[in-house]
Amino acid sequence: MPAQAHRDTIFVEDALILSHTEHAGDQFIMRVSAPKCAARAEPGQFAHLQCDPQRPMRRPISIMRASAADGWVDFLYKRLGEGTTLLANRKAGESINLLGPIGKGFTISTSRPLLIGGGVGMPPMIFVAEQLRSRDYSPFVILGSEVPFPFSPRPSQLLVNGMQNTMPDGVIAAMPLLDDWGIPSRLASLQGYAGCHQGYVTDLARIWLDALDEQQRSEVSLYACGPHPMLQAVVSVAREYDLPVQVSLEEFMACAVGGCAGCVVEVTSESGTAMKRVCVDGPVFEGKSVRW
């Protein structure tokens with residue numbers, strides 16, 4: 001039988017925790033030294049982390065950034081249950097066992113990517129944006145959160161192409177890192193945060209799409225990661241405007257390498273309906289194929 005595509009591309013490393021910072025909303029950003037994972041990581045992939053040596057069940061965490069040259073990988077996660085609580089207690093200088101990079105990432109297919117991230121679905125969008133910053137693309141990033149963002153939003157210094165005269169009044173907050181990269185971004189929330197759009201990420205997506213001319217709109221593809229209801233809404237926008245859309249799914253999983261089939265989702269294709277594993281067949285799927 002032919003070798004499976006993910007063999008010889010996933011590595012086990014005892015990664016050194018370089019830094020581990022807590023942010024509002026029980027969110028944490030952890031940077032680890034994991035040269036093998038960093039050298040092969042692609043936007044949309046994740047790693048399976050051992051939260052504590054006494055807790056054998058790992059947790060899948062999306063990769064937010066990776067430096068192949070320096071060998072580090074960044075993760076953003078939210079403390080929710082027992083596993084991530086144990087992970088939040090880990091300190092810089094400790095070793096953490098890591099399995100990764102895992103899964104199929106995003107494929108950028110058009111010149112005007114619209115990147116949409118919600119909550120702990122923000123990291124893959126940041127990773128995509130970083131990959132695009134030195135290439136001939138015109139991305140726009142929309143990030144949403146119902147807890148304080150894990151960074152200090154600041155007024156953007158960048159105009160959003162196509163929205164100079166249509167951006168809602170006062171919607172000026174951006175992610176500083178993206179602004180520094182020269183990539184326009186805007187933030188959305190229902191919590192009344194200063195400078196954010198008071199609504200859904202899909203509201204801003206529609207405003208931006210409506211502001212583009214027909215030629216510009218034909219250059220757009222949507223890329224998203226976040227809670228299932230948000231992803232469903234993003235796919236609805238893609239259908240409404242007849243645009244391609246890729247989504248990164250978040251599912252509970254045990255092995256993360258395709259053996260247990262505990263993370264399957266139903267998708268449709270030209271050959272019919274199939275059950276696909278989020279870990280190795282995804283986590284990125286063509287959005288309109290997912291049976292929500």
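If you check every pair at least six apart or on different chains, which have Cβ atoms under 7 Å apart with a residue in segment 45-59 that is in the same structural domain as L80 (by TED's automatic domain parsing) first and a residue that is in a strand (DSSP E or B) and among the charged types (D, E, K, R) second?
As it stands, the answer is L49/R59; C51/R59, since those pairs meet every condition given.
Can you tell me which residue in segment 54-83 is farthest from L222 (Cα to Cα), limited to those that are of a type in the set (D, E, K, R) and in a strand (DSSP E or B)? Walk me through how you get there before you give the answer.
So in segment 54-83, the residues of a type in the set (D, E, K, R) come out as 55, 58-59, 65, 70, 74, 78-79, 82.
Now drop any that are not in a strand (DSSP E or B), which leaves 55, 59, 65, 74, 78.
On the way: R55: 37, R59: 27, R65: 20, D74: 24, K78: 25 Å.
The selected residue is R55.
Residues are listed down the side, and each one gets a yes or a no for (1) touching a Lys or Arg at 6+ places or on another chain (Cβ under 7 Å); (2) part of a helix (DSSP H, G or I); (3) more than 21 Å from V234 (Cα to Cα):
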| site | (1), (2), (3) |
| --- | --- |
| L177 | no, yes, yes |
| A188 | no, no, no |
| G192 | no, no, yes |
| G195 | no, no, yes |
| D203 | no, yes, no |
| L209 | yes, yes, no |
| Q216 | yes, yes, no |
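Right, L16: over 20 Å from E251 (Cα atoms) and either buried (at least 20 other Cβ atoms within 10 Å of the Cβ) or outside the structural domain of S145 (by TED's automatic domain parsing) (or both) or not? Even if it seems obvious, please write down each step before you answer.
On the way: over 20 Å from E251 (Cα atoms): yes; either buried (at least 20 other Cβ atoms within 10 Å of the Cβ) or outside the structural domain of S145 (by TED's automatic domain parsing) (or both): yes.
So L16 passes the test.
Restricting to strands (runs of 3 or more DSSP E) lying wholly in segment 234-292: which have 1 or more residues that are surrounded by fewer than 15 Cβ atoms within 10 Å (Cβ to Cβ) and in contact (Cβ under 8 Å) with a residue 12 or more places away in the chain? Walk me through it before giving the result.
Values: elements: 245-248, 264-269, 272-277, 284-286.
Fully inside segment 234-292 and qualifying: 264-269, 272-277.
Checking A211 against (1) of a type in the set (A, V, I, L, M); (2) assigned by TED's automatic domain parsing to the domain that holds R154; (3) in contact with a strand residue (DSSP E or B) (Cβ under 8 Å, 6 or more places away or on another chain), only one condition comes out false. Which one?
Single failed check for A211: (3).
Consider A92 against the criteria (1) within 20 Å of R133 (Cβ to Cβ); (2) small (G, A, S); (3) exposed (fewer than 14 other Cβ atoms within 10 Å of the Cβ): it satisfies all of them except one. Which criterion is unmet?
(1)
Residues of segment 239-263 being in contact with a helix residue (DSSP H, G or I) (Cβ under 6 Å, 6 or more places away or on another chain) and within 21 Å of S189 (Cα to Cα), which ones?
Across segment 239-263, the qualifying residues are V247, S248.
Here is a yes/no grid of residues against (1) surrounded by fewer than 18 Cβ atoms within 10 Å (Cβ to Cβ); (2) touching a Pro at 6+ places or on another chain (Cβ under 7 Å); (3) small (G, A, S); (4) in the same structural domain as T202 (by TED's automatic domain parsing):
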site: G118; (1), (2), (3), (4): no, yes, yes, yes
site: M122; (1), (2), (3), (4): no, no, no, yes
site: M125; (1), (2), (3), (4): no, no, no, yes
site: V128; (1), (2), (3), (4): no, yes, no, yes
site: L132; (1), (2), (3), (4): no, yes, no, yes
site: R135; (1), (2), (3), (4): yes, no, no, yes
site: P139; (1), (2), (3), (4): no, yes, no, yes
site: G144; (1), (2), (3), (4): no, no, yes, yes
site: V147; (1), (2), (3), (4): yes, no, no, yes
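How about segment 20-31: which of its residues are within 18 Å of E94 (Cα to Cα), more than 18 Å from the chain's Cα centre (by Cα) and in contact (Cβ under 8 Å) with a residue 24 or more places away in the chain?
Result: H20, E22.
How many residues are surrounded by fewer than 23 Cβ atoms within 10 Å (Cβ to Cβ), at pLDDT below 95, in contact with a helix residue (DSSP H, G or I) (Cβ under 9 Å, 6 or more places away or on another chain) and hydrophobic (A, V, I, L, M, F, W, C) when one looks only at segment 19-60?
1
Only one residue in G226, G259, G272 is over 20 Å from the mean Cα position of the chain (by Cα) and closer than 21 Å to P60 by Cβ, so which one is that?
Numbers: G226 fails: over 20 Å from the mean Cα position of the chain (by Cα); G272 fails: closer than 21 Å to P60 by Cβ.
Sole residue among the options that is over 20 Å from the mean Cα position of the chain (by Cα) and closer than 21 Å to P60 by Cβ: G259.
So which residues in segment 84-115 are part of a strand (DSSP E or B) and within 18 Å of S218 (Cα to Cα), if there are any at all?
Across segment 84-115, the qualifying residues are R112, P113, L114, L115.
Read through the list (1) among the charged types (D, E, K, R); (2) surrounded by fewer than 22 Cβ atoms within 10 Å (Cβ to Cβ); (3) at pLDDT 95 or above, then give the number of the only condition that R186 fails.
(2)
The values are calculated or read from the model by the stated rules, or taken from the named source; none is laboratory data. Please read these numbers as outputs of a predicted model, since none were measured by experiment. FYI the Cβ positions are ideal-geometry reconstructions off the backbone, even for glycines, and counts take in every protein chain you see.
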